[in-house]
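Notes follow once the structure below has been shown.
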Amino acid sequence: MPKITPGNRLYLYRLLSRSLGIGRQTLMPRVEEALAEDGLVPADLGCETMRELCEQLGEFVKLTVFKKGYVYATVLANEEYDRALERLSSASEKKPAAGGKPWKRAKGKLVKPVKPRHIEPKVEPEPEPAPEPEPAPEPAVAAPAEREPEHVPPITFTITYVPEPEPEAPAPAEPEGRGAAAPATTAAVAARAQSDLPQDFHADVRCSSEQLSVLYQVLPDDVDPMATLEEDFRVARSTGALEGTRSNVTFALRYLQADGVTPVRVTLRRSARAVAGKRWALTEVDAGAPDEVGLEGLGVADPSGPWAAFLRPGEASDPERDFAQTVSLGSRDEALERLASLARPEAWGEGNRILGDYLVMTFARVRAEGALCVSPDGATARFDTGLVTADGEPISADLARGTGDIPWQLEGFRAGEAVRPVAYVASLAQMTLDPSLPAPSFSSLDEVRRNPRVATAAYDPIADEVRLLVPSDGRALALRVTADGYEPAATLELADAYACARVLSSDQPAWLREAIG
């Protein structure tokens, strides 16, 4: 039965708001950790679990349960408790009344924060082990007749130690949720993305000449296999795109096998003992049959983001890869679920696909403008996501300095504390068709001239510029604004056009909204 006094509630409000922050979603184990750091456990307040305790503190703790089973707690501002703490702070600064009776100054009873009393769990005395039975006397054996001693050759042992790999623990099953479900083992690997896995591929992974020779045979001549392995493993680790078990990790490279569909996949294995200071080794490269590869080598998978149409022939820029090598999300699905639950409800597509593209493009603009707010000691950073809560409060992302080759680690999202936002539009001609500027012919030109709101602005993260989108033959034509007028920049599928336009605004014309249902 919960036993929480008003003083306990005020104490917990002060403790959790200071430890976790106001308006910031926090995983339940971290909430319990904050309590433990103060020497408390839920049982001290009559609760069996931390979740049960949080449910009892509804006046300032909000619980969010995601479909995948994740439970987050958000400490909400409580004006009554804030005033009580402020009054106590003011009262402590005043001098005591004459006669040493400070209570004479008080008008009305003040509730003071009272730390719950920690209760040590009772340990039941262990039962003494039963005495072992006396061994039965051995039967007497007649002594053998004496005989000449035989010559016994000395026994020699030769021991050969063969180190065995550590036993593999089965990975926990991935909770069901919306969107495309990753393999059950993927989640287990992603949870350790910044701790157990190699943090520097070159320094932590042994690469045999046999496996590297496979890559040298199938990759283009101008491609460095080691650099490719390092970069693609960093991207996979950052986004949680890993499969495997405790001692085996498999990830995909950016290159496709000869069929043009299946990615080249490599496997790393952890050994029980370090060899040359490295406990991980490259053990397998699945690149298909080398004799099927042409002289030019395997091809690179085309960028799959909505910005792909803005790429020029031969251009290799990919905002998603750049983001993954700068910020580690851990579990991408979980991070997007957390952001979607905090933001104003919106249609983000299956698996929050549009939200993922939105976050990538927003961060590209943040970096381009130098709007990443880094703390003086360089240990943390924040950036404005451009999203707001249902109450209109701005949402920012919290980053912590990474410990490996990825500079930053996503810590979470918070609402209410604004940081520097980014700007996009530089001219009115990027938002609506300017009739004074020459424009190419397109199918909806007359409609756009009569109804300027049919056109909308979209972000091109490749060029870091804003384009004007207009409907054209069932797709979206992106126009570049130049000194000589409008010029075609790219043609996008409607779903991709919506994602690029959503970076600037949630208010989009009907012909784009229909693309996402």
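The values are calculated or read from the model by the stated rules, or taken from the named source; none is laboratory data. Please read all numbers here as calculations on a predicted model, not as lab measurements. A quick note on method: Cβ atoms are made from the backbone with ideal geometry, for glycine too, and the neighbour counts reach across all protein chains shown. In case anyone asks, the SASA skips ligands and DNA or RNA and just uses the protein heavy atoms, side chains included. Shrake-Rupley method; radii C 1.70, N 1.55, O 1.52, S 1.80 Å.
How about the stretch 29-67: which of its residues are of a type outside the set (D, E, K, R) and within 18 Å of residue 339 (Cβ to Cβ)?
Passing the criteria: 63, 64, 65, 66.
Which of the residues that make up the stretch 200-227 are surrounded by 14 or more Cβ atoms within 10 Å (Cβ to Cβ) and under 12 Å from residue 279 (Cα atoms)?
201, 204, 205, 206, 207 - these are the residues of the stretch 200-227 that are surrounded by 14 or more Cβ atoms within 10 Å (Cβ to Cβ) and under 12 Å from residue 279 (Cα atoms).
Suppose we keep only residues that are in a loop (DSSP other than H, G, I, E, B) and of a type in the set (S, T, N, Q) within the stretch 419-455. Which one would you say is surrounded by the most Cβ atoms within 10 Å (Cβ to Cβ)?
Checked the stretch 419-455; the qualifying residue surrounded by the most Cβ atoms within 10 Å (Cβ to Cβ) is 444.
Scanning for something more than 22 Å from residue 358 (Cα to Cα), in contact (Cβ under 8 Å) with a residue 40 or more places away in the chain and open to solvent by 40 Å² or more (accessible area, probe 1.4 Å), does the stretch 395-414 turn up at least one residue?
Yes.
For the stretch 228-243, give me each residue that is crowded, with 20+ Cβ neighbours inside 10 Å, of a type in the set (Gly, Ala, Ser) and not in a helix (DSSP H, G or I).
240
State all residues of the stretch 313-336 that are out of contact with any helix residue (DSSP H, G or I) (no Cβ under 6 Å at 6 or more places or on another chain), touching a residue at least 24 places away in the same chain (Cβ under 8 Å) and within 20 Å of residue 459 (Cα to Cα); if no residue qualifies, say none.
The answer is 315, 317, 322.
Output the number of residues of the stretch 498-517 satisfying the condition of being without any contact (Cβ under 8 Å) to a residue 60 or more places away in the chain and over 16 Å from residue 360 (Cα atoms).
9
For the stretch 68-78, which residues satisfy the criterion of being more than 13 Å from residue 21 (Cβ to Cβ) and modelled with pLDDT of 90 or more?
Hit for the stretch 68-78 is 78, nothing else.
Mind checking which residues of the stretch 347-372 are in contact with a helix residue (DSSP H, G or I) (Cβ under 8 Å, 6 or more places away or on another chain) and within 24 Å of residue 26 (Cβ to Cβ)?
Within the stretch 347-372, 348, 351, 352, 355, 356, 358, 359, 363, 372 meet the criteria.
Just for the stretch 56-67: of the residues that are at pLDDT below 90 and in a loop (DSSP other than H, G, I, E, B), which one is nearest to residue 16 (Cα to Cα)?
Restricting to residues being at pLDDT below 90 and in a loop (DSSP other than H, G, I, E, B), the top hit is 66.
What tally of residues in the stretch 363-386 results from selecting those that are basic (Lys, Arg) and out of contact with any strand residue (DSSP E or B) (no Cβ under 8 Å at 6 or more places or on another chain)?
1
The conditions are (1) open to solvent by less than 30 Å² (accessible area, probe 1.4 Å); (2) more than 28 Å from the chain's Cα centre (by Cα), and residue 1 fails exactly one of them. Which is it?
Of the numbered conditions (1) open to solvent by less than 30 Å² (accessible area, probe 1.4 Å); (2) more than 28 Å from the chain's Cα centre (by Cα), the odd one out for residue 1 is (1).
Here are 458, 495, 483: which of them is open to solvent by 30 Å² or more (accessible area, probe 1.4 Å), closer than 29 Å to residue 366 by Cβ, among the hydrophobic types (A, V, I, L, M, F, W, C) and under 32 Å from the mean Cα position of the chain (by Cα)?
The conditions single out 495.
Restricting to the stretch 244-281, give me the number of residues that are in contact (Cβ under 8 Å) with a residue 12 or more places away in the chain, open to solvent by 20 Å² or more (accessible area, probe 1.4 Å) and in a loop (DSSP other than H, G, I, E, B).
Qualifying residue count, the stretch 244-281: 8.
Do we have residue 180 as touching a Pro at 6+ places or on another chain (Cβ under 9 Å), of a type in the set (A, V, I, L, M), open to solvent by 30 Å² or more (accessible area, probe 1.4 Å) and at pLDDT below 85 here?
no
Among the listed residues 27, 40, identify the single one that is among the aliphatic types (A, V, I, L, M) and either open to solvent by 10 Å² or more (accessible area, probe 1.4 Å) or under 12 Å from residue 2 (Cβ atoms) (or both).
27
I'd like to verify a number: residues in the stretch 347-388 that are surrounded by 15 or more Cβ atoms within 10 Å (Cβ to Cβ) and part of a loop (DSSP other than H, G, I, E, B), how many?
4
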